[in-house]
Amino acid sequence: MGLIRNEVKLSEVKYNFKKQQRKLFINRLVSNKLMVTGGTILIFLTIMALLGPLIVSYNPYEMVVSDRLQGPNAEHLLGTDNFGRDLLSRIAYGAQTTLGVGLAVATLSSIFGMIIGLYASYYRFLDHILMRISDGLMSIPAILLAIALMAALGPMTINVIIALSIVYTPYVARVIRSSALVVREQTYIEAMEAQGASSWRIIWRHIMPNTISPLVIQATFIFAEAIIVEAALSFLGAGVPAPDPSWGNILYDGKIVIFNAWWMTVFPGITIALSVLGLNLLGDGFRDLIDPHIKNTKK
């Protein structure tokens, strides 16, 4: 009976400890102003991308020449473009394209970058090969490399995702490699190798979980940069092809009439700025959350 009571008390202690940990984590999360602000902005933009097309009453592809270049009014809240298309509808539908491209690039570059970084940190001969290739790609400015890849692939949405994933994979690989090298030198990894554990088990069961936090942080920044570069490519005519709406090609249409129709550049520019701001705040907040020493250093 005494043993059973001790086990019950131990389970209660563990439960209370986990409950306190959850409460402490929630308090830290709520008190993290950067993360809350960035998350709020990102949630708003996500809702606009998902529900906006269901709420707006205009077809983003429908051209009404008689309504071209109307300023913001009761019928068209954000005005119309140079083809008479409702700007609010195009921004709402463009959110799906732009945020979708950014999310796909962040996901693909994170997956491939994690694989490259983990194996480069574990196998020395792969490290020299993969990191030299990564250095070569990183030596070229991201926008120039993206333009060169798009010139070879052609202006399509899927090609934008492929090109930007190639551009940003080396950055993720570098971050993952540096984090994995620290774990690679730990004593318990050497002990597992001495016991005959397979390299696959060591890499994916013990090294990889310790690289998730820097991976998530890097992914948020890549998400933001992918949005900017996609907008730049579309603005230059090498990104998402017309008439499919994206924030970048809406800006491209607006540059022709920038002095006569300011709303065509201001409103999509605001959405791009908000999305990048939200993602950067979210990344900074998450970094402060997992490493409070950085937050204290800033102060």
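Could you please let me know if Y93 is outside any helix (DSSP H, G or I), surrounded by 13 or more Cβ atoms within 10 Å (Cβ to Cβ) and touching a residue at least 40 places away in the same chain (Cβ under 8 Å)? Talk me through it step by step, then tell me what you get.
Numbers: outside any helix (DSSP H, G or I): no; surrounded by 13 or more Cβ atoms within 10 Å (Cβ to Cβ): yes; touching a residue at least 40 places away in the same chain (Cβ under 8 Å): yes.
It is false that Y93 is outside any helix (DSSP H, G or I), surrounded by 13 or more Cβ atoms within 10 Å (Cβ to Cβ) and touching a residue at least 40 places away in the same chain (Cβ under 8 Å).
Those residues that are of a type in the set (A, V, I, L, M, F, W, C) and either closer than 13 Å to I55 by Cβ or surrounded by 24 or more Cβ atoms within 10 Å (Cβ to Cβ) (or both), I need them from segment 79-90; list them, please. Steps first, answer last, please.
Looking only at segment 79-90, we keep the residues that are of a type in the set (A, V, I, L, M, F, W, C), and these are 83, 87-88.
Of everything in segment 79-90, those that are of a type in the set (A, V, I, L, M, F, W, C) and either closer than 13 Å to I55 by Cβ or surrounded by 24 or more Cβ atoms within 10 Å (Cβ to Cβ) (or both) turn out to be L87, L88.
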Q: Give the residues of segment 62-99 that are of a type in the set (F, W, Y) and either at pLDDT below 85 or over 29 Å from L279 (Cα atoms) (or both), sorted by residue number.
A: F83
Q) Would you pick out the residues in segment 74-114 that are over 26 Å from M131 (Cβ atoms) and among the aromatic types (F, W, Y)? A) F83, Y93
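Could you list, in sequence order, the residues of segment 144-158 that are in contact with a helix residue (DSSP H, G or I) (Cβ under 6 Å, 6 or more places away or on another chain) and either farther than 10 Å from L233 by Cα or surrounded by fewer than 18 Cβ atoms within 10 Å (Cβ to Cβ) (or both)?
Applying the first criterion (in contact with a helix residue (DSSP H, G or I) (Cβ under 6 Å, 6 or more places away or on another chain)) to segment 144-158 yields 145-146, 149-150, 153.
L145, L149, L153 - these are the residues of segment 144-158 that are in contact with a helix residue (DSSP H, G or I) (Cβ under 6 Å, 6 or more places away or on another chain) and either farther than 10 Å from L233 by Cα or surrounded by fewer than 18 Cβ atoms within 10 Å (Cβ to Cβ) (or both).
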(Q) Can you tell me how many residues within segment 100-111 are under 10 Å from the mean Cα position of the chain (by Cα) and either within 17 Å of A273 (Cβ to Cβ) or among the β-branched types (V, I, T) (or both)? (A) 4
Q. Given the residues I207, I140, I162, which is the only one that is assigned to a loop (DSSP other than H, G, I, E, B) and modelled with pLDDT of 85 or more?
A. I140
**Q.** Enumeration of residues in segment 96-122 that are touching a residue at least 60 places away in the same chain (Cβ under 8 Å), surrounded by fewer than 22 Cβ atoms within 10 Å (Cβ to Cβ) and either farther than 24 Å from S234 by Cβ or not polar (S, T, N, Q) (or both)
**A.** L103, A104, L108, F112, Y119, Y122
**Q.** Filter result (modelled with pLDDT under 85, touching a helix residue (DSSP H, G or I) at 6+ places or on another chain (Cβ under 8 Å) and over 28 Å from I43 (Cβ atoms)) within segment 258-299
**A.** I258
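Which one of D67, D81, D86 is touching a strand residue (DSSP E or B) at 6+ places or on another chain (Cβ under 9 Å) and touching a residue at least 24 places away in the same chain (Cβ under 8 Å)?
On the way: D67 fails: touching a residue at least 24 places away in the same chain (Cβ under 8 Å); D81 fails: touching a strand residue (DSSP E or B) at 6+ places or on another chain (Cβ under 9 Å).
Exactly one residue qualifies, and that residue is D86.
The values are calculated or read from the model by the stated rules, or taken from the named source; none is laboratory data. Since this is a predicted model, take the numbers as computed values, not measurements. Don't worry about glycine lacking a Cβ; one is built from the backbone with ideal geometry, like all the others, and counts go over all protein chains shown.
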